[in-house]
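A short worksheet on the structure shown next.
The values are calculated or read from the model by the stated rules, or taken from the named source; none is laboratory data. Remember, it's a predicted structure, so these values are computed and weren't measured experimentally. No Cβ is skipped: glycine too gets one built from the backbone with ideal geometry, and neighbour counts run over all protein chains shown. All accessible areas refer to the heavy atoms of the entire protein, side chains included, with ligands and DNA or RNA removed. Shrake-Rupley method; radii C 1.70, N 1.55, O 1.52, S 1.80 Å.
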Amino acid sequence: MTIGQRNIIKSFNIEGLKLNVKSFKVPNAFNSFVYKYIRPSKAKRSFEYANRLINCGISTPFPIAYIENTSVLGLKTSYYISKHIDYDFEFRDLIHNPQFSERVKILQQFATFTFKLHENNINFLDHSPGNTLITKGANGYNFYLIDLNRMRFETMSFDKRMHNFRRLWLSKTMVKVIAETYAKLYNKPYLETHDLMLKHSRAFQLKINSKKLKRSGRKMRFKT
């Protein structure tokens, strides 16, 4: 499976254990030097961040190892290995199918999951529709974060928390459901939570749509 044109993920069965191996794009000369001598590589960050998430009680495919191939000039190739998750669906499915079974319940539990992330001072910069895998268990839904190499561990202000939802491409209905649950957990007025979450979500969507329309040469039209 190819992720964009940058990274490749392959699955392997080893003695009954199914593993996913993510191969990162070979960095340019500058980043090659940086990833060896200055900053941890994406593979190393993925491994370390996964362990940090698990220590905080946040689910992610279990980290097995990371591999780096280097020369004196810097990093050449790198890989992150994790246990495969047989997930039921991705968060993006809730966006594309408004009639998704138990959609409201899943969104409420996802709000609780994200609140826990924020309470642990974790700013997941790639909190987007394809980066949360979901399984259904006996006691509700379980959420697993993937694509972990971009995170900040910092105090999460109210604005940062609401800003962190922007990449999820939430509809107005989804914002209402998530904001209601999050507001109760954070002891914040619903309207204030809803308005700030919606503001950041709409600003992000407008930015992305503007770029797409600019590339296509079409004029932007807003839905009434």
Problem set entry | Pick from region 14-65, criterion part of a loop (DSSP other than H, G, I, E, B) and among the charged types (D, E, K, R), ranking: nearest to L145 (Cα to Cα) | K25
Exercise. Going by the structure shown, is I106 open to solvent by less than 20 Å² (accessible area, probe 1.4 Å) and touching a residue at least 40 places away in the same chain (Cβ under 8 Å)?
Worked result: no
For this session: Considering only residues that are in a loop (DSSP other than H, G, I, E, B) and open to solvent by 40 Å² or more (accessible area, probe 1.4 Å), look in region 76-89 and name the one that is farthest from D147 (Cα to Cα).
Result: D88
Exercise. Taking the condition among the charged types (D, E, K, R) and under 15 Å from the mean Cα position of the chain (by Cα), does D88 pass?
Worked result: no
For this session: Give the residue that is surrounded by the most Cβ atoms within 10 Å (Cβ to Cβ), with candidates limited to residues of region 134-165 that are more than 20 Å from Q108 (Cβ to Cβ) and within 14 Å of the chain's Cα centre (by Cα).
Result: L148
For this session: Scan region 112-133 and give yes if some residue there is within 26 Å of S41 (Cβ to Cβ), at pLDDT 95 or above, open to solvent by 40 Å² or more (accessible area, probe 1.4 Å) and of a type in the set (S, T, N, Q), otherwise no.
Result: yes
Exercise. Within region 149-175, can you find the residues that are of a type in the set (F, W, Y) and free of Cβ contacts under 8 Å to residues at least 60 places away in the same chain?
Worked result: F158, F165
Exercise. Does F47 satisfy the condition of being surrounded by 14 or more Cβ atoms within 10 Å (Cβ to Cβ) and either out of contact with any Lys or Arg (no Cβ under 8 Å at 6 or more places or on another chain) or of a type in the set (A, V, I, L, M) (or both)?
Worked result: yes
Exercise. If you go through region 52-64 one residue at a time, how many are free of Cβ contacts under 8 Å to residues at least 40 places away in the same chain and open to solvent by 30 Å² or more (accessible area, probe 1.4 Å)?
Worked result: 3
For this session: Please verify whether region 114-122 includes one or more residues that are without any contact (Cβ under 8 Å) to a residue 12 or more places away in the chain, more than 18 Å from V175 (Cα to Cα) and assigned to a strand (DSSP E or B).
Result: no
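A quick yes/no check of all residues on (1) open to solvent by 30 Å² or more (accessible area, probe 1.4 Å); (2) at pLDDT 90 or above; (3) closer than 16 Å to F124 by Cβ:
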{"site": "R167", "(1), (2), (3)": "yes, yes, yes"}
{"site": "S171", "(1), (2), (3)": "yes, yes, no"}
{"site": "V175", "(1), (2), (3)": "no, yes, no"}
{"site": "L185", "(1), (2), (3)": "yes, yes, no"}
{"site": "K199", "(1), (2), (3)": "yes, yes, no"}
{"site": "L206", "(1), (2), (3)": "yes, yes, no"}
{"site": "K214", "(1), (2), (3)": "yes, no, no"}
{"site": "R221", "(1), (2), (3)": "yes, no, no"}
{"site": "T224", "(1), (2), (3)": "yes, no, no"}
Exercise. Would region 68-75 turn up any residue that is on the phi > 0 side of the Ramachandran plot and buried (at least 17 other Cβ atoms within 10 Å of the Cβ)?
Worked result: yes
Seminar exercise, completed: Picked from region 90-102 (must be more than 18 Å from S11 (Cβ to Cβ) and not in a helix (DSSP H, G or I)), the residue least open to solvent (accessible area, probe 1.4 Å) is F91
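Every residue, every condition in (1) modelled with pLDDT of 95 or more; (2) of a type in the set (S, T, Y), yes or no:
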{"site": "E15", "(1), (2)": "no, no"}
{"site": "L19", "(1), (2)": "yes, no"}
{"site": "I38", "(1), (2)": "yes, no"}
{"site": "S41", "(1), (2)": "yes, yes"}
Seminar exercise, completed: Filtering region 29-44 down to residues that are open to solvent by 50 Å² or more (accessible area, probe 1.4 Å) and among the hydrophobic types (A, V, I, L, M, F, W, C) yields A29, F30, F33, I38
